[in-house]
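*Asks:* Would you mind keeping the following structure in view while I ask a few things?
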Amino acid sequence: MFERIITRADMIRCVLCADAPCSRACGKIDTAALLRSIWFDDEKAASYRFPADNPCAGCAAPCEEACVRAHEVPIRALMTRLHDMVKPDPQISMPENEDRLRTELCGIPLENPFLLSSSVVASTYDMCARAFEAGWAGIAFKTVCSLDIHEASPRFSAVTGDNGSIMGFKNIEQLSDHSVAENMEIFRRLKAKYPTKFILASIMGKDDAEWEELAGLCEENGADAIELNFSCPNMADGGLGSDIGQVPELVERFTAAARRGTRIPILAKLTPNVADMSTAAEAAKRGGADGIAAINTIKSIMGVNPHTYVSSPAVHGMSAVGGYSGNAVKPIALRFIAELGQNPALSGMHLSGMGGVETWSDALEFIMLGAGSVQVTTAVMQYGYRIIDDLKAGFNLYLAEKGFTGVDEARGLALESVSDRTDVLERDTILFPKFDREKCIGCGRCGISCADGGHQAIRMDNSRRPVLDGKKCVGCHLCLLVCPERAISTGRKRIVRSRP
């Protein structure tokens, strides 16, 4: 989203260790924490933490020797670039506190806008307590139900990037396997020890009476708000989960049932497995919901084995359609959040956004499209609760740089720029690519992509450098996207004659 000086590609071999040996070997700076900040789009905040005298200068780099991938991660070079190139803005100080991050959810205070979403990452007392201690403002507890839950093994699969990090994640996991009584005890213990933390109790009932009963029980035992799970794709049989979320009449009916059981705020968690979400959201509002949570996972099939002919995860020769999540689903999630944020019929309702959030800039995109809080699961499953440090630091610094006093000043800022119609776009300007000769390594990827996927406007000269044919270039910017060295940027523009 933002132009960065250091990117994940620069530290692609780093595995973001637990109790990282590089930091212990250094003893002067916490290299592991700084590397994590780079990974999670937080290089600017990291530069404020880096010592002014650069302890890496002239150092023998014992951190690289101690690395679990010895000498494969250029830690000293990365730290030097952090010091020399990512300089703190002298006019902006790193915020001394997190007051700017304070916000609210349906009138209930939040320390920051970051919550764990209803899933395995918020499913026991110990896990939620550790998340609270780490700095998360709240949790949406794994869905409480009266069903007898028995999980399959294995139940996860993933699409991974070049370094093994998860891009897309599939699960066939169901709801909480604890009894209702056990979960109520967890709520009581959490609220007693962490009274300022936010507990969003996700529930799923089998009928009107159970939706009403579960909502009331959660309120009685310490929940601050209720989240109605109308969207789990793994609980569709028997009129549960996404079966409900796809039928607005059922959304309204069961929301009204839950409303009869409680006085605290209610959020309806809606399914993305629909053409539009507004119809169900408006139904939830009519039923008494105070907000909408979106999106839940997307129905998916992943990774068919070419030898067994079974997709993953394979459970004794069978698999099932499951829920897809991870950073890959973020564009779909943002589309739904924008739809809800632009709907005047939902004005005043709280939007809690989720779907592919890994970094503070991911979260900011949800907020700029109308979300008031952001929920995270898959990134925590991959990297741990510790990502909250960079979520808070990066967002806090952004707000300070913009001169914003709080989260609400960023909310909805991007909504006016989004349209579901392409005919509103200006089509009389061509923005040509600009090649940075110093960064260019002469790989020719831009030329290949333009020739075979574009408009044949780039050729390579005798020095293996790209040359643009302005008569053929239409300014599609495919070359910018495929360049592995980020050596192409937006250059001059040309006004073309308007078409009738």
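Bear in mind that the values in this text are calculations on the coordinates, not laboratory data. Every value quoted in this text rests on a predicted model; they were computed, and no experiment measured them. FYI the Cβ positions are ideal-geometry reconstructions off the backbone, even for glycines, and counts take in every protein chain you see.
*Asks:* So the label point goes 7 Å from the Cα of residue 209 along Cα→C-beta, right? Which residues of the range 252-282 then have their backbone N under 13 Å from it?
*Replies:* none
*Asks:* For the chain, give the share of DSSP beta bridges that are antiparallel, in percent and rounded to the nearest 5; count only bridges with both residues there.
*Replies:* Within the chain, antiparallel bridges account for around 45 percent of the total.
*Asks:* Follow-up. List the residues whose amide H sits under 5 Å from the amide H of residue 227, counting only those 5 or more places along or on another chain, with H placed 1.01 Å from N in the peptide plane.
*Replies:* Here the answer is 201, 202, 203, 267, since their amide H atoms fall under 5 Å of that of residue 227.
*Asks:* If R₀ is 35 angstrom, what is the calculated FRET efficiency for the pair residue 382 and residue 196, using the beta carbon separation as r and rounding to 0.05?
*Replies:* E(calc), rounded to 0.05, equals 0.80.
*Asks:* Using the Cβ atoms and a cut-off under 13 Å, what net charge is assigned to the surroundings of residue 111, where Lys and Arg are +1 and Asp and Glu are -1?
*Replies:* It works out to a net charge of -1.
*Asks:* When only DSSP loop residues count, what trypsin sites (Lys or Arg not before Pro) in the range 32-102 have their Cβ near at most 16 other Cβ atoms within 10 Å?
*Replies:* Answer in residue order: 69, 102.
*Asks:* Assign one of three labels to the range 89-181, namely rounded, prolate or oblate, based on the Cα gyration tensor with a ≥ b ≥ c the square roots of its eigenvalues; rounded applies when a/c is under 1.5, prolate when it is not and a/b is larger than b/c, and oblate otherwise.
*Replies:* Judged from the Cα gyration tensor, the range 89-181 comes out oblate (a/c at least 1.5, b/c at or above a/b).
*Asks:* If you don't mind, another one. Just grab the label-to-label distance for residue 18 and residue 30, each label 7 Å out from Cα along the Cβ direction, in nm (one decimal).
*Replies:* According to this spin-label approximation, the distance is 1.8 nm.
*Asks:* Once you order the gyration tensor axes a ≥ b ≥ c over the Cα atoms, which shape class does the range 426-495 get: rounded for a/c under 1.5, otherwise prolate or oblate by comparing a/b with b/c?
*Replies:* Working: a/c = 1.78, a/b = 1.52, b/c = 1.17.
It comes out prolate by the Cα gyration axes.
*Asks:* So if we plug the beta-carbon distance of residue 321 and residue 160 into 1/(1 + (r/R0)^6) with R0 = 30 Å, what FRET efficiency do we get, rounded to 0.05?
*Replies:* 0.90
*Asks:* Now, a different point. Loop only by DSSP, 13 or fewer other Cβ within 10 Å of the Cβ. Give me the chymotrypsin sites (Phe, Trp or Tyr not before Pro) in the range 1-105 that pass, ordered by residue number.
*Replies:* The qualifying sites are 2.
*Asks:* 5 Å is the cut-off here: which amide hydrogens, built 1.01 Å from N in the peptide plane, fall below it relative to residue 354, excluding neighbours closer than 5 in sequence?
*Replies:* Those qualifying (amide H under 5 Å, at least 5 residues apart or on another chain) are 294, 295, 375.
*Asks:* Another question, if that's okay. Could you work out how far the C-alpha centroid of the range 1-74 sits from that of the range 147-206, in angstrom?
*Replies:* Between the Cα centres of the range 1-74 and the range 147-206 lies a distance of 32 Å.
*Asks:* Can you list the residues of the range 1-33 with backbone N under 16 Å from a point 7 Å past the Cα of residue 486, pointing along Cα to Cβ?
*Replies:* Under 16 Å, as judged by backbone N against the label point of residue 486, lie 1-13 of the range 1-33.
*Asks:* Could you compute the FRET efficiency for residue 463 and residue 426, with r as their C-beta to C-beta distance and R0 at 30 Å, rounded to 0.05?
*Replies:* 0.25
*Asks:* Of the listed values (i) 74, 61, 56; (ii) 94, 60, 53; (iii) 76, 66, 56, grab the one calculated as Cα extents along the principal axes in Å from the structure here.
*Replies:* So the calculated entry is the one marked (iii).
*Asks:* Can you give me the C-alpha center-to-center distance between the range 263-319 and the range 107-144, rounded to a whole angstrom?
*Replies:* So the separation of the two Cα centres works out to 20 Å.
*Asks:* Here is a further query. Mind listing the phi-derived Karplus ³J(HN,Hα) values for the range 57-64, rounded to whole Hz, using 6.51, -1.76 and 1.60 with θ = phi - 60°, and x for any glycine or proline?
*Replies:* 5, x, 6, 7, 6, x, 4, 6
*Asks:* Long-range amide H contacts for residue 143: which residues qualify at under 5 Å (H placed 1.01 Å from N, peptide plane, sequence gap of 5 or more or a different chain)?
*Replies:* Excluding prolines and chain starts, which carry no amide H, the hits are 119, 176.
*Asks:* To make sure I understand the rule: partners must be lysines, Cα under 21 Å from the Cα of residue 191, and not fewer than 8 residues away in the same chain. Which ones qualify?
*Replies:* 142
*Asks:* If you take every residue apart from residue 163 with its C-beta less than 10 Å away from the C-beta of residue 163, what net charge results, scoring Lys and Arg +1 and Asp and Glu -1?
*Replies:* Details: positive: 8, 13; negative: 162.
Value of the local net charge: +1.
*Asks:* Per-residue HN-Hα couplings for the range 296-312, Karplus 6.51 cos²θ - 1.76 cosθ + 1.60 at θ = phi - 60°, whole Hz, x for Gly and Pro?
*Replies:* Those phi angles translate into 8, 5, 9, 4, 8, 10, 9, x, 6, 6, x, 9, 8, 6, 10, 7, 10 Hz.
*Asks:* Once a ≥ b ≥ c are taken as the square roots of the eigenvalues of the Cα gyration tensor of the range 369-446, is the result rounded (a/c under 1.5), prolate (a/b larger than b/c) or oblate (a/b not larger than b/c)?
*Replies:* Here the range 369-446 falls in the oblate category.
*Asks:* Label point 7 Å out from residue 69 along Cα-to-Cβ: which residues of the range 1-42 have amide N under 13 Å?
*Replies:* It comes to 8-17, nothing else.
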